[in-house]
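Only one structure is covered here, and it is reproduced in the block below.
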Amino acid sequence: MNTAQNSKAFWEIIGLIPAAGTASRIAPLPCSKELYPIGFRSVNGGNEIRPKVVTHYLLEKMRQADITKVFMILRAEKWDIPRYFGDGKMFDMDIAYLMMDLSYGVPFTLDHAYPFVKDSLIAIGFPDIIFEPDDAYIKIIRKQAETNADIVLGLFPTNNPHKTDMVELDENGKVRTLHIKPKYTQLIYTWQIAVWTPTFTDYLHNYVSDRKGRGKLEHQNELYVGDVIQAALKDTIQIDSVLFKDGKCLDIGTPEDLIKALQVNM
């Protein structure tokens, strides 16, 4: 790799959205989970309204941070997603789609984009999670520029620690460790968005490659992004965070949380 091409001055910010899951917890659905309508949006100058699908919220917030190029990673059964979003005109973005077979965890899905994004600053978001504030990406991108951290996590309070990665902070507010879907914890903050540099993109790629080299993936435990971030912490990858104390996040991946999202956004 050319050193100049990998320098910060050449980094382009690219949104990366993993959408290769099976949505087994709320199946069957009449569409891909990423297209489930949650509330409404205005069109034609605000004179009309149309259903607002869950991924629309994420793309909207990325666009507010001037992210104009996005890769979504899909399975073959989810052609309704590119049919709906097309090339991204509705957001004034360029959206491209990468296809993959069965994924053995989100890191495998993200790594599928490695040849296309390895020299870029990555902004990751999950298409089935609605969060506030609207300027969250703006703030974590700014934090990365200020600190030159390899990863900046956006942290949000959550009432469902057993469903997510909980983040333990030290007395200075630095990320100390991650707890992956703990059954019991007094921690209150989870990460839901992040930006990371080519340093961590390479780290994730090598981590996944090592996992593939161990043998049949179907016999290994599911790998989470939090597992890779935790390993990176131990390997002195620089990790920072932005704490959204008054922020909100809601994953629509379970029936009870989908009901909450519909109640809030209808």
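See the values below:
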| item | result |
| --- | --- |
| Ile13 long-range amide H proximity, modeled H, under 5 Å | Leu121 |
| Two-site label geometry, Thr22 and Tyr114: point separation in nm, points 7 Å out along Cα→Cβ | 2.5 |
| Taking the chain and dividing mean pair separation by its residue count, relative contact order in percent (alpha carbons under 8 Å, at least six apart) | 23 |
| Amide H partners (placed H, <5 Å) of Arg41, local residues excluded | Arg50, Lys52 |
| Region 4-110 shape via C-alpha gyration tensor axes, a/c threshold 1.5 | oblate |
| R0 of 41 Å, Cβ-Cβ distance Ser209-Arg50: FRET efficiency to nearest 0.05 | 0.45 |
| Förster-model FRET efficiency, 22 Å R0, Asp135 and Val43, C-beta, rounded to 0.05 | 0.40 |
| Positive minus negative residues near Gly86 (Lys, Arg vs Asp, Glu; Cβ under 13 Å) | -2 |
| Non-local Lys pairs in region 153-266, i.e. 8 or more apart or on different chains, that have alpha carbons under 16 Å apart | 7 |
| Kirkwood hydrodynamic radius of region 62-129, Cα pairs, Å | 12.9 |
| Shape of the chain, Cα gyration tensor, a/c cut at 1.5 | rounded |
| Length gained when the stretch Asp235-Met100 is fully extended (0.36 nm per residue, less Cα-Cα span) | 45.7 nm |
| Nearby aspartates and glutamates by direct alpha-carbon distance to Lys33 (threshold 18 angstrom, same-chain neighbours under 8 apart not counted) | Glu60, Glu77, Asp80, Asp101, Asp128, Asp251, Glu256, Asp257 |
| Inter-probe distance in nm under a simple model that places probes 7 Å from Cα toward Cβ, at Leu169 and Ile259 | 3.2 |
| Per-residue HN-Hα couplings for region 117-130 [Karplus 6.51, -1.76, 1.60; θ = phi - 60°; Hz; x = Gly/Pro] | 10, 5, 10, 10, 7, 9, 10, 9, x, 9, x, 10, 10, 9 |
| Between region 12-39 and region 235-266, the alpha-carbon center distance in angstrom | 15 |
| Protein-only accessible surface order, largest first, of His205, His112, His162 at 1.4 Å | His162, His112, His205 |
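The values are calculated or read from the model by the stated rules, or taken from the named source; none is laboratory data. Remember, predicted model here, so these are calculated numbers, not experimental data. All Cβ positions, even for glycine, are placed from backbone atoms using ideal geometry, and neighbour counts span all protein chains on display. Quick note on the areas: whole protein, heavy atoms, side chains included, nothing else; ligands and nucleic acids left out. Shrake-Rupley method; radii C 1.70, N 1.55, O 1.52, S 1.80 Å.
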